[in-house]
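Written out below as structure tokens is the structure these notes cover.
Readers should treat all values here as calculations from the given coordinates under stated rules, not as data from a laboratory. Note that the coordinates shown come from a computational prediction; the quantities given were computed from them, not determined experimentally. Here the Cβ positions follow ideal geometry from the backbone for every residue, glycine too, while neighbour counts run over all protein chains shown.
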């Protein structure tokens with residue numbers, strides 16, 4: 001069975017609606033100008049070396065409005081992209097990596113099963129960045145999380161609190177965040193997540209995480225006098 | 001017979017003739033200033049003194065020497081803290097005034113590129129909140145992370161191009177009570193290191209003439225919004241970004257070339273966290289092993305968070321597959337600091353790095369055993385409660 005045949009039972013109206021959401025994004029017209037099919041983007045792409053993945057096909061499918069190929073990519077390809085933007089070598093000025101960013105957002109907004117699967121195991125990172133304002137923290141360096149990094153991770157983990165105090169910059173004496181972030185700063189970040197609909201996006205792919213984040217944010221926002229209603 | 005190309009000479013001549021008011025290509029700053037003239041936002045000027053450096057297509061970019069607001073990096077501060085510490089140490093070595101703020105969040109672009117659980121409005125609002133905070137402090141933003149730098153340039157393009165996005169983000173900034181500010185230049189710390197390289201060279205205390213270096217240029221530095229990354233006709237004929245490589249040369253070490261220099265490190269944003277089979281394979285097979293075979297460097301230097309992490313941490317597991325690995329990795333800021341006599345543990349914090357770096361230190365003329373003993377004494381004082389934290393004065397003792 002070909003990949004597109006796998007999605008033959010998905011109504012064309014669904015594929016069209018999702019494609020239209022991608023095309024309606026304000027970044028879309030800045031990311032696609034046509035395709036020479038020269039393959040320079042593929043030659044530069046790290047993911048193309050490792051996966052059955054092609055940034056050229058992304059530009060082609062979106063440019064031709066090939067709904068079958070687009071839907072297949074939306075489910076099977078986009079999460080393989082490294083988002084390094086090596087594909088910006090395109091002589092037409094296309095940005096296949098940027099198209100993928102938009103496609104991922106549409107996949108999240110629509111709660112696609114493939115998007116949920118791609119983000120399995122990633123929830124703790126979304127929680128960290130959205131609730132603390134820093135993406136990774138020293139205490140994430142745990143041997144069971146990074147077994148392939150060797151015993152050095154265990155050494156850091158065992159000495160973490162002491163080693164963080166042995167850092168001259170005052171802002172780095174932290175273990176649960178990358179640096180000290182003021183409460184007022186954090187409140188402002190929470191307000192941004194609320195006002196731009198990001199929390200609604202989380203709800204589509206992880207209701208439990210959405211509930212936890214909402215609880216954490218609600219308290220600080222209400223203390224600061226902001227309504228989250 | 002050699003092809004009679006004079007492109008390098010022509011570029012050198014153009015560099016000398018052009019000034020900051022004569023950009024050779026479209027300059028987004030013109031639109032940034034137009035929007036200021038229309039009252040849409042404030043443009044924060046690069047403070048004096050600044051250094052003029054050449055961008056990819058020849059525009060002169062202003063790099064502030066001091067009065068800088070340090071937009072920190074999640075991965076640097078969280079997992080390789082000697083990176084950020086070395087940047088501050090270099091500022092202190094030049095006696096420069098800088099601000100290490102707590103009113104700063106991540107740019108959140110690592111998550112944006114990894115999980116897409118964000119959107120264009122949120123990303124622009126996070127950027128403009130941070131720019132507003134820098135403006136309020138009176139210091140000019142200098143961005144430590146390559147991804148933050150590249151992403152903020154994307155955000156600048158989007159805000160300039162789309163009035164409705166500006167309106168949305170302005171409303172958010174109004175609600176936060178933050179001024180709506182765009183910096184005159186978006187500056188990466190490695191551009192500052194490049195601009196200051198001769199100052200560092202003057203303060204160098206180690207002979208690095210036997211040290212061979214391979215350079216990994218960070219993707220989000222030189223591939224995302226390419227036109228205001230730094231290029232120099234004297235470095236690879238202006239065909240690759242000059243940051244890092246020019247610093248290595250100025251410090252008296254040797255830049256060694258390798259064929260996969262354009263390849264990414266394998267970080268992948270989501271891959272480094274949840275799909276590291278890709279990251280490990282790419283980092284070791286396409287980068288470290290190629291460097292070993294073609295250049296056999298003593299150290300890999302790069303200028304971004306994810307690149308240091310990926311290239312350093314990926315080497316451990318690759319040893320099991322007989323891949324040619326075993327090259328230490330650090331930032332050019334740490335390397336420059338070491339060259340100027342910074343402590344390898346108190347300042348450069350090399351004990352957070354994974355791949356064996358001690359042979360490099362020995363080759364550089366650093367007595368790492370004695371320096372580690374000193375650092376262990378520091379730790380003992382902290383452990384016993386004689387001190388709560390290591391200070392800058394301790395670092396330079």
Two decimals, Cα atoms only, Kirkwood Rh: what is Rg/Rh over segment B:205-373? 0.95
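Apply the a/c threshold of 1.5 to the C-alpha gyration tensor of the protein assembly as shown and tell me whether it is rounded, prolate or oblate.
Working: a/c = 1.30, a/b = 1.22, b/c = 1.07.
Rounded.
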Normalised Cα Rg of chain A, dividing by 2.2 N^0.38 Å with N its residue count, works out at 1.21
log10 I(q)/I(0) for segment A:9-117, Debye formula on C-alpha points only (no solvent), q = 0.10, 0.18, 0.20, 0.22 Å⁻¹, two decimals, reads -0.24, -0.82, -1.02, -1.23
Report the per residue volume, in Å³, of the convex hull enclosing the C-alpha atoms of segment B:116-237. 150
Taking R0 as 22 Å, what FRET efficiency do you get between residue B:48 and residue B:198 from their Cβ-Cβ distance, rounded to the nearest 0.05? 0.70
Peptide A:39-48: average number of partner chain Cβ atoms within 10 Å per residue? 3
Mean-position separation - Cα centroids, segment B:345-397 and segment A:11-52, in angstrom: 49
Can you classify segment A:123-223 as rounded, prolate or oblate using the Cα gyration tensor, where a ≥ b ≥ c are the square roots of its eigenvalues, rounded means a/c under 1.5, and otherwise it's prolate if a/b beats b/c and oblate if not? oblate
Residue A:227 paired with residue A:212, simple spin-label distance in nm, labels 7 Å along Cα-to-beta-carbon: 3.0
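Could you rank the peptides B:295-301, B:267-273 by their average count of other C-beta atoms within 10 Å per residue, with the highest value first?
Details: B:295-301: 21.6, B:267-273: 26.4.
Peptide ranking by packing, descending: B:267-273, B:295-301.
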Just from its helices, what would the mean residue ellipticity at 222 nm be for chain B, if runs of 4 or more DSSP H residues each count -39500 (n - 2.57) and the sum is divided by every residue, rounded to the nearest 500 deg cm²/dmol? -13000 deg cm²/dmol
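Which values, in whole Å and largest first, are the semi-axes of the equivalent ellipsoid of segment B:268-349 obtained as the square root of 5 times each eigenvalue of the Cα gyration tensor?
Details: eigenvalues 110, 49, 21 Å².
Sorted largest first and rounded, they come to 23, 16, 10 Å.
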If R0 is 25 Å, what FRET efficiency do you get for residue A:219 and residue B:175 from their C-beta distance, rounded to 0.05? 0.85
Compactness summary of chain B: radius of gyration and Dmax from Cα atoms, Å, are 21.2, 72
Shielding by other protein chains, B:276-287, mean Cβ within 10 Å: 3
Per-residue average of other protein chain Cβ atoms inside 10 Å, peptide B:302-312 -> 1
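Inverting the mean 1/r over all pairs of different Cα atoms, compute the Kirkwood radius of segment B:123-188 and quote it in Å. Display every interim value, and only then the final one.
Numbers: mean 1/r = 0.0839 Å⁻¹.
Evaluated over segment B:123-188, this radius sits at 11.9 Å.
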Could you list the residues of segment B:296-314 with an amide nitrogen less than 19 Å from a label point located 7 Å from the Cα of residue A:148 in the Cα-to-C-beta direction? B:306-314
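Grab the Cα-Cα distance for residue A:33 and residue A:176, subtract it from 0.36 nm times how many residues apart they are, and report the gain in nm with one decimal.
Values: separation 143, 0.36 × 143 = 51.48 nm, distance 4.40 nm.
Additional length available on full extension: 47.1 nm.
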Distance between the C-alpha centers of segment A:138-178 and segment A:190-211? Whole Å please. 29
Where does segment B:7-189 land on Rg/Rh, using Cα atoms and the Kirkwood Rh? 0.97
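Using only helices, what value at 222 nm comes out for chain A when you add -39,500 (n - 2.57) per DSSP H run of length 4 or more and divide by the total residues, to the nearest 500 deg cm²/dmol? Don't skip to the answer; put the middle values down first.
On the way: 15 runs with 132 residues, N = 229.
Mean residue ellipticity at 222 nm (helix-derived): -16000 deg cm²/dmol.
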